[in-house]
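Rule-based calculations on the coordinates, nothing more; no lab input. Remember, predicted model here, so these are calculated numbers, not experimental data. Note: ideal-geometry Cβ built from the backbone for every residue, glycine included; neighbour counts use all protein chains shown.
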2 protein chains.
Amino acid sequence: MEIIKDGIMEAFLWRDACKFYDPAKKVSDEDMKFILEIARMSPSSFGYEPWRFLVFQDFTFLNEIKEHTWGLVNSLNGASHIVIILARKKVDMQAGSAYVEYIMNECQRLPKEVLERRRLIFNEFLERDMGAITEREVFDWSSKQTYIALGNMLTTAALLNIDACPIEGFNYEVLETMLEEKGLIDSHHFGVSVIVSFGYRSREPDHEKTRQPVDSIVRYIDHSSSDIL
Amino acid sequence: MEIIKDGIMEAFLWRDACKFYDPAKKVSDEDMKFILEIARMSPSSFGYEPWRFLVFQDFTFLNEIKEHTWGLVNSLNGASHIVIILARKKVDMQAGSAYVEYIMNECQRLPKEVLERRRLIFNEFLERDMGAITEREVFDWSSKQTYIALGNMLTTAALLNIDACPIEGFNYEVLETMLEEKGLIDSHHFGVSVIVSFGYRSREPDHEKTRQPVDSIVRYIDHSSSDIL
């Protein structure tokens, strides 16, 4: 166990949002497939997997639109792969949608009684519990699930000594429109959630890793706790 | 590398949103600290770490409010730890807020020119690029960051053969109010993002792990790609 912990912590200390990729080094097909497989195996709310992954190795199109994707500039200069992660919209993420029915019936193969219960509770969960009613609120909820996959992709890459950079620096609406025009997404069902690039660093980060001290972010609550804001 | 991949994949195949915890088995303080340390080291947008972790080992309070937290019921019956993950609200997550200034100055110790640039671009990024303007939109963006930490906590637990269950099944508003009344959060700054429990399974899952086939979720885009929806 200590060896496993050491390996995980080493990867977390080593990883950094890579700003300087070495254009000469490419992530192998096999490693990229593995990282995507880890995304695929990631958990999501109700197991609805509200995601899709567009994998670019040829950056021609991304270079064409780079004035709208400022966060991508470093990655376009030498990353090996850029993955645009899409999340599903409300048309899919609601009880009775063709997509949710497909997942429950064809993929999860839920027993009839579970399936019927899910049909009943899902909208109540989204609307009453999560307060996710509008297109945007439901999309953001889908998008949150993709950040679980994102976290796992980043961590898996680090464990394999592959660099990565998570990217939110772009205009979401513009990118969605441009992907739609290029025929790369159906914006009725999908929106852009986040981007992540992979490759190998050409030099070490020029800053130290910083985090708030653990006491600032973790609170142990016991029965007598109160006023511990 | 193959050994590392085998270990990661084994953990992903083994993990499951645990429904049946063994009340007799507790996660050691040391392991729990490690999982929280991994959360702390997780990346977040701009490195702003918009999260806080409330760790419960004594479930007295959580049992009192369980009628509002249906997703917690299985965990209350035998989990070792329950962690309520909080995300920061708009009052903190905007340029010039005391919190962002604290992170940039005290924690990241950014050079003056970087700091000034960030002050300039941050609101533009949030408002123009992400379209995150309302309280809810900014909170959901904060919350997305916590799902990176969540994914890393789940994966780290699985690598250590510790079971976990991510939980969204509760009324967010009600839980926030109750935590506030108990003095456990300052709802001016924080809202509830998601919950995760840890412990050890008492029996194997009663269902197989299912996922969509890789071809349904991954699209490799090359220069000639189009109409590949």
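Structural remarks
- In terms of the mean number of neighbouring beta-carbon atoms within 10 Å, the peptides A:91-104, B:36-49, A:51-64 order highest first as B:36-49, A:51-64, A:91-104.
- Ranked by how many other Cβ atoms sit within 10 Å of their own Cβ, fewest first, the residues A:D16, A:D186 fall in the order A:D186, A:D16.
- Set of lysines near A:K19 by C-alpha distance (under 30 Å), chain-local residues within fewer than 8 positions excluded: A:K5, A:K33, A:K66, A:K144, A:K182, A:K209, B:K5, B:K89, B:K90, B:K112, B:K144
- DSSP assigns beta bridges within chain A; of those with both partners inside it, close to 95 percent run antiparallel.
- Computed from label points 7 Å out along Cα-Cβ, the spacing between A:M9 and B:E180 is 3.9 nm.
- Stokes-Einstein D for segment B:18-217, Kirkwood Rh over Cα pairs, 10 °C, 1.306 mPa s (µm²/s): 87 µm²/s
- For residues of B:161-172, the mean tally of beta carbons on other chains within 10 Å: 3
- Here is how far apart the A:D6 label points are across copies: 2.0 nm, shortest first, using a point 7 Å from Cα toward Cβ.
- Set of aspartates and glutamates with alpha-carbon distance to B:K25 below 18 Å, sequence-local pairs under 8 removed: B:D16, B:D58, B:D163, B:E204
- Beta bridges assigned by DSSP with both partners in the protein assembly as shown are antiparallel in approximately 80 percent of cases.
- Label spacing, shortest first and in nm, from B:D206 to its equivalents in the remaining copies (7 angstrom along Cα→Cβ): 5.9
- Cα gyration tensor shape of segment A:34-85, rounded if a/c is under 1.5, else prolate or oblate by comparing a/b with b/c: prolate
- Shielding score for B:60-73, defined as the mean number of other chain Cβ atoms within 10 Å: 1
- Placing a pseudo-label 7 Å from each Cα along the Cα-to-Cβ vector at A:Q94 and B:S202 gives an inter-label distance of 3.9 nm.
- Alpha-carbon centroid distance for the pair segment B:65-108 / segment A:115-151, whole angstrom: 19 Å
- Shape of segment A:128-229, Cα gyration tensor, a/c cut at 1.5: oblate
- The residues B:E10, A:E137, when put in order of fewest to most other Cβ atoms within 10 Å, stand as B:E10, A:E137.
- Directionally averaged projected area (convex hull, Cα atoms, the protein assembly as shown), nm²: 20.3 nm²
- The protein assembly as shown: calculated mean residue ellipticity at 222 nm from DSSP helix runs of at least 4, using -39500 (n - 2.57): -12000 deg cm²/dmol
- Taking the alpha carbon gyration tensor of segment B:115-170, multiplying each eigenvalue by 5 and rooting it gives semi-axes of 32, 15, 6 Å, largest first.
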